[in-house]
Amino acid sequence: MPIITLTSDYGLTDPYLASVKGTILSEIESVKLVDISHTIQPGNFFEAAFILRNSYYSFPKGTVHLISVQEITENKRWLAAEVDGHFFLAADNGLISTINPEVKINKVIGINLRQEVTLFPSRDLLARSASHLARGGSIDLLGREIKDYKESTIMRPRIAKDGSNILGSVVYVDNFGNLITNISWKTFRETGKERVFEIVLPRNKAIEKLHKSYYPASPGSVLALFNSQNLLEIALSGARGKDYNGANTLLGLDVRDTVTVNFK
């Protein structure tokens, strides 16, 4: 059975998500719809890209991913892209290029379904396109291939020329308030070369040890570890949530705040 995933900033109380799902099921009944996230901060396609980048590969090749984030754009253009054996449908807002910068985008199509101007492109254009791809239809039938789609860049860590430090940043705060950075285990290992290190956080005491679990110490302890995405994460042992009891609120840190790893 074909799979279509849905990611949006619609929230869970408005009718928009149900309308998109209903349109897909009206087009193709034998399809499995999977919700990835619908609580993306409105218009924050960097957040959407992070979530997709760390989840899409768990789905079978050929899965169609419909992304409804910042779907109304000035250029009034919507895209279908083939990346890493998967299909992604989104507005031409830069999101497609940030899903997996490590993998070459095979093809990008400017969707042309002879649709009049719409204020709900995910329902009127992307849902129909997703259904077409889920049925095994060719991506080329959705429109013409384009090369001038909008591209954006994700935040990458900077490594000192002498290898003395890595200057990274928080790229995501999860539901537990854990601060996920853009410093990967590979970058940490290759730069650090097993040297003594300290992780410096703005306005906070440095962390000098890595843990393998979220519960190595008493509740309320701040710790650092490489998470299931192999990214450096600053967490709070026993955290209850990002709104009132997480590493983010305790340390006063958020997305784009600097995290520095110094090697000695």
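Just so it is clear, none of the values below were taken in a lab; they were calculated from the coordinates. Keep in mind the model is a prediction, meaning the values are calculated, not measured. FYI the Cβ positions are ideal-geometry reconstructions off the backbone, even for glycines, and counts take in every protein chain you see.
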Percent antiparallel among DSSP beta bridges (both partners in the range 203-264, rounded to 5): 75
With a Förster radius of 51 Å, plug the Cβ-Cβ distance of residue 74 and residue 206 into 1/(1 + (r/R0)^6) and report the FRET value to the nearest 0.05. 0.70
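Out of all DSSP beta bridges in the range 158-263, what portion is antiparallel? Express it as a percent rounded to 5.
Looking only at bridges with both residues in the range 158-263, the antiparallel portion is about 90 percent.
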Estimated dipole of the range 128-222 in Debye, rounded to 20 [Cβ of Lys and Arg +1, of Asp and Glu -1, Cα centre]: 40
With the crude spin-label approximation of a point 7 Å out along Cα→Cβ, what separation in nm comes out for residue 256 versus residue 102? 2.6
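For the range 3-145, what D do you get in µm² per second when you plug the Kirkwood radius from alpha-carbon pairs into Stokes-Einstein at 37 °C and 0.692 mPa s?
222
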Provide 185, 78 in ascending order of the number of other Cβ atoms located within 10 Å of each residue's Cβ, fewest first. 185, 78
Could you sort the peptides 55-65, 167-177 by per-residue average Cβ neighbour count (10 Å cutoff), highest mean leading? 167-177, 55-65
At a 10 Å Cβ-Cβ cut-off, how would you order 144, 114, 123, fewest neighbours first? 114, 144, 123
Order these by the 10 Å Cβ neighbour count, fewest first: 166, 3. 3, 166
Gained length - residue 135 relative to residue 264, 0.36 nm times residue gap less alpha-carbon distance: 40.8 nm
At q = 0.18 Å⁻¹, base-10 log of I(q)/I(0) for the range 1-85 (Debye sum, equal scatterers on each alpha carbon): -0.84
Distances over 25 Å make up what percent of all Cα-Cα pairs in the range 158-263? 13
Given GluC sites (Glu not before Pro), DSSP loops and at most 15 other Cβ atoms within 10 Å, the longest exposed-site-free stretch of the chain is 209-264
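By how many nm would the segment from residue 26 to residue 218 lengthen if fully extended, with 0.36 nm per residue of separation less the alpha-carbon distance?
Full extension of this stretch gives 63.9 nm more.
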Using DSSP, restrict attention to beta bridges with both residues in the chain and report what percent are antiparallel, rounded to the nearest 5. 70
Can you tell me the mean projection area, over all orientations, of the convex hull of the chain's alpha carbons? Units nm², please. 15.6
Theoretical gain in end-to-end length, residue 82 to residue 39 [0.36 nm per residue, Cα-Cα removed]: 13.0 nm
